[in-house]
Amino acid sequence: MGASESRLAAGVARLGIALSAAQFEALTTLAAELVDWNTRVNLTSITAPDDVVDKHLLDSLAVLPLLKGVTVADVGSGAGFPGLPLAIADPGRRYTLIESTGKKAKFIRHAIGKLALPNVDMVLGRAESWRPSRPFHSVVARALGSLAEFVRVAGHLAGRDGRLLAMKGKVPEQELKALPPGWKAVAVHPVAVPGLDAERCVVELARV
């Protein structure tokens, strides 16, 4: 096992996530594919193997215990984060990854095929203009702007009892005060991401 694989194994253990050998291999393959594609297509500024483990894989997986229900939308998925690592680790849920940038969507589709992920759907487009056939139980986003913007872009994707889960750094006090009418923060969950010496939290939003 190489250094990055050992780092991933230790981080997953600290998060308390049990993975099969096949799931672990899928995560390492995803990281390798991301680094390889990034030599030809600008997908991410995070390219060092240890940083890919910490800032993409483990950061994504840290939100897993906070997901509700069995259907999850990943809004502004980028190159597939957090959606792809979550789908690998959590095959019992259905994940829909929404991304409007063509080259990133192309990588997501490649990864879905390469890793044979039957529980992942890909939507090429902007979340605010997409209308799913059914609402989602959980809608998650990483680096999507303010909480108010998250609600504007993705609030319609959540069911009546659904949750918006915004992955953040420090607790966004001012954003919490500026939530649009009809929405409230039901919790701010502190999150410890192995390998990252930085504050992380997940803001859980629900309809009033």
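Every read-out reported here was derived from the displayed coordinates using simple, explicitly stated rules and does not represent laboratory data. These numbers were taken from a predicted model, which means no experiment stands behind them. With ideal geometry, Cβ positions are generated from the backbone for all residues, glycine too; neighbour counts draw on all protein chains shown.
Worth a mention:
- Gain upon complete extension [S20, L64; 0.36 nm per residue less C-alpha separation]: 14.2 nm
- Under the Karplus curve 6.51 cos²θ - 1.76 cosθ + 1.60, θ = phi - 60°, whole-Hz ³J(HN,Hα) for region 54-71, x wherever Gly or Pro sits: 6, 8, 10, 6, 5, 4, 5, 5, 5, 7, 3, x, 9, 5, 10, x, 10, 10
- Cross-link pairs exceeding 19 Å in C-alpha to C-alpha distance, out of K55/K168; K55/K114; K103/K168; K104/K170, comprise K55/K114; K103/K168; K104/K170.
- Each Lys and Arg contributes +1 and each Asp and Glu -1, all at the Cβ; summed about the Cα centre of the chain, the dipole is approximately 740 debye.
- For region 49-74 versus region 23-47, the spacing of their alpha-carbon centroids is 15 Å.
- Binned Cα-Cα distances of region 3-207, short to long, each 10 Å bin given as a whole percent: 9, 38, 38, 15, 1
- Near G69, once Lys and Arg are set to +1 and Asp and Glu to -1 for all other residues with Cβ below 15 Å from its Cβ, the sum equals +3.
- Selection from L179, H110, G11, by position along the positive dipole direction of the chain (Cβ): L179
- Most mobile listed residue (E25, E173, E99) in the chain, GNM with C-alpha springs under 10 Å: E173
- Potential lengthening of the chain between E5 and E199 amounts to 67.4 nm, from the contour at 0.36 nm per residue minus the alpha-carbon distance.
- Site pair T39 and A148 shows an inter-label distance of 4.5 nm when each label is modelled 7 Å from Cα along Cα→Cβ.
- For the chain, the mean residue ellipticity at 222 nm estimated from helices alone is -9000 deg cm²/dmol, where every DSSP H run of n ≥ 4 contributes -39500 (n - 2.57) and the total is divided by all residues, rounded to the nearest 500.
- 3J(HN,Hα) along region 81-94: 10, x, x, 5, x, 5, 5, 5, 7, 9, x, x, 10, 9 Hz, from the Karplus curve 6.51 cos²θ - 1.76 cosθ + 1.60 with θ = phi - 60°, whole Hz, x for Gly and Pro.
- Backbone amide hydrogens, once placed in the peptide plane, bring A73 within less than 5 Å of T96, S138, V139, V140, excluding anything fewer than 5 places away on its chain.
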